[in-house]
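Colleague: Got a structure for you, written out below as structure tokens; questions coming shortly.
The values are calculated or read from the model by the stated rules, or taken from the named source; none is laboratory data. In this text the structure is predicted, and so the values were computed from the model without any measurement. Cβ atoms come from the backbone with ideal geometry, glycine included; neighbour counts cover every protein chain shown. Accessible surface is based on the protein model in full, side chains and every heavy atom, while ligands, DNA and RNA are left aside. Shrake-Rupley method; radii C 1.70, N 1.55, O 1.52, S 1.80 Å.
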Amino acid sequence: MADPRLEVIDRRLSTIDHIIAVCSGKGGVGKSVVASTLSLLLARRGLEVGLLDLDFTCPATHLILGVGDATPEEERGIVPPSFHGVEYMSLIYYTGERPTPLRGEDVTNAIIEILSVTRWGRLSHLVVDMPPGLGDATLDLMRLIPRMEFLIVTTPSRIAFQTVRRLIELLREADRVILGVLENMVLEPSGRIRGEVEAMGLKYLGSIPFDPKLEEALGDAEALLQTDFAASLNAAVSSLLPD
Amino acid sequence: MHEWALAEGVVAAVSRIAEEQGLKRVTEVTVRIGELQQVDREILIFAIDQLRPPIMRDAKIIVEEAPAKLRCRVCGHSWRFDPKGLEEEVSEAIHFVPEVAHAYLRCPSCGSPDFEVVEGRGIWLASVKGLRGDG
Ligand SMILES: Nc1ncnc2c1ncn2[C@@H]1O[C@H](COP(=O)(O)OP(=O)(O)OP(=O)(O)O)[C@@H](O)[C@H]1O
Ligand SMILES: [Mg+2]
Ligand SMILES: [Zn+2]
């Protein structure tokens, strides 16, 4: 007759001003490092921030942030612990590093379960790290959270950008909010992606160079914030933030 | 308590359905809970009781339990989930998000983690009965 979980999702998210999905048509373009670093940058600006890892089968944000051993508290639902000032929720609390293969319906159920039981604090931003593509997670978030704002990541590759085009078209057809497109792993600057993005009437958020030092900073939030990658990301997303 | 989150969903769903159907008073609510999620029946009923809005004041709450049936997608073997014998941490993880069963359970016949939960996953509102208008 009715799935009681669907009734409370809006209520659970009602303490959050902005919900930002970091997404792309393509895998491996840097969604997880962008989502993780973005949440740290927002927290450093003194904002109340959360990070939700919805890449259930291949989660990565816990490795990027270096989250500790704390686990969620049970209090009329699940209260996520904070790491480096970021309220953090992921399926890794329940699976550890075990392989957790999920098919479509399982992904949907797990997303609904997490959204309906997690009790976020009062947040200005919840950043959501998405799996690549136009599959279950993207469709479920479009359906369940219409006010979701999408931050799209691409690389300079034509192939990556072509997948991003499809994603943009899908989101536009559904009238979803697109914050803009971020160009990551840039080796040789060129205006090509900027031109394409602007021709579509979207905001080009900026370009992030390939940073050979990023790898060694992964797992250490402080080190991550000191990278050139973080500096470029900070400049790129400034336009999205109050002052 | 996870049951509180579920109870909140049940109460919200019942309220919405009562409004949609023009019920003045809800007399009976049937909730089905799947074995896989191992919902504590007593806590669930207690939580629903605490959260009851006026329209549900006298409603009888019926909680039915559904066995969890799993079927392997590789070899077709079907079996029933049995929480006994699971480590507490594992059964707690499955309680919070039943899908994480795929990290811990394997088909007893071929060892595959690629199984489906045919029945008895979580919580479901099965029926809402009540009185309309001045009835
Ligand atoms: N600007 C950059 N400079 C150097 N390395 C980068 C940069 N951006 C991302 N990387 C590296 O590229 C790899 C892929 O990044 P990440 O895991 O964030 O991508 P993703 O889009 O989330 O992938 P998936 O689609 O699998 O979720 C990581 O090892 C990351 O550290
Ligand atoms: Mg990722
Ligand atoms: Zn099997």
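Colleague: Rounded to the nearest 0.05, what FRET efficiency do B:Arg73 and A:Cys58 have when you use their Cβ-Cβ distance and R0 = 22 Å?
Modeller: Numbers: r = 20 Å, r/R0 = 0.92.
After rounding to 0.05, the efficiency reads 0.60.
Colleague: Same structure, new question: Please give the Cα centre distance for region A:148-177 versus region A:18-58, rounded to the nearest Å.
Modeller: Using only Cα atoms, the two centres lie 16 Å from each other.
Colleague: Let me ask another. Any number yet on Rg/Rh for the protein assembly as shown, C-alpha, Kirkwood? Show your work: numbers first, answer last.
Modeller: On the way: Rg = 22.4 Å, Rh = 22.2 Å.
My calculation puts Rg/Rh at 1.01.
Colleague: Turning to a different aspect of this structure: I want to verify a result. In a Gaussian network model of chain B, Cα cutoff 10 Å, which of these has the top mean-square fluctuation: B:Gly76, B:Gly122, B:Gly85?
Modeller: It is B:Gly85.
Colleague: Then there is this: Counting only protein heavy atoms and a 1.4 Å probe, tell me what percentage of chain B's accessible area is made up of carbon and sulfur.
Modeller: Numbers: 3070 of 6450 Å².
It is 48 percent, rounded to a whole number.
Colleague: Leaving out ligands, DNA and RNA but keeping every protein chain, what accessible area does A:Cys58 have, in Å² rounded to the nearest 10, with a 1.4 Å probe?
Modeller: Surface open to solvent at A:Cys58 totals about 90 Å².
Colleague: How would you order B:49-59, B:30-40 from highest to lowest mean count of nearby Cβ atoms within 10 Å? Intermediate values should be presented prior to the final figure.
Modeller: Details: B:49-59: 14.3, B:30-40: 20.1.
So the order, starting with the most tightly packed, is B:30-40, B:49-59.
Colleague: Which of B:Leu125, B:Ser91, B:Val26 sits closest to the plus end of the dipole of chain B, meaning its Cα is farthest towards the positive end, when Lys and Arg get +1 and Asp and Glu get -1 on the C-beta?
Modeller: Towards the positive end, the residue furthest out is B:Val26.
Colleague: Using only C-alpha positions, report the orientation-averaged shadow area of the convex hull of region B:69-119, nm², one decimal. Kindly include the intermediate steps, with their values, before the conclusion.
Modeller: Numbers: hull surface 12.9 nm².
Averaged projected area of region B:69-119's Cα convex hull equals 3.2 nm².
Colleague: Okay, next question. So, in Å, what gap is there between the alpha-carbon centers of region A:89-134 and region B:1-63?
Modeller: Taking the Cα centre of region B:1-63 as reference, the centre of region A:89-134 is 25 Å away.
Colleague: Kirkwood hydrodynamic radius of chain B from all distinct Cα pairs, in Å?
Modeller: Numbers: mean 1/r = 0.0617 Å⁻¹.
It works out to 16.2 Å.
Colleague: With a 1.4 Å probe, what is the total accessible area buried between chains B and A, in Å² rounded to the nearest 100? Mind dumping the intermediate values first?
Modeller: On the way: alone 7880 and 11660 Å², together 16610 Å².
Roughly 2900 Å².
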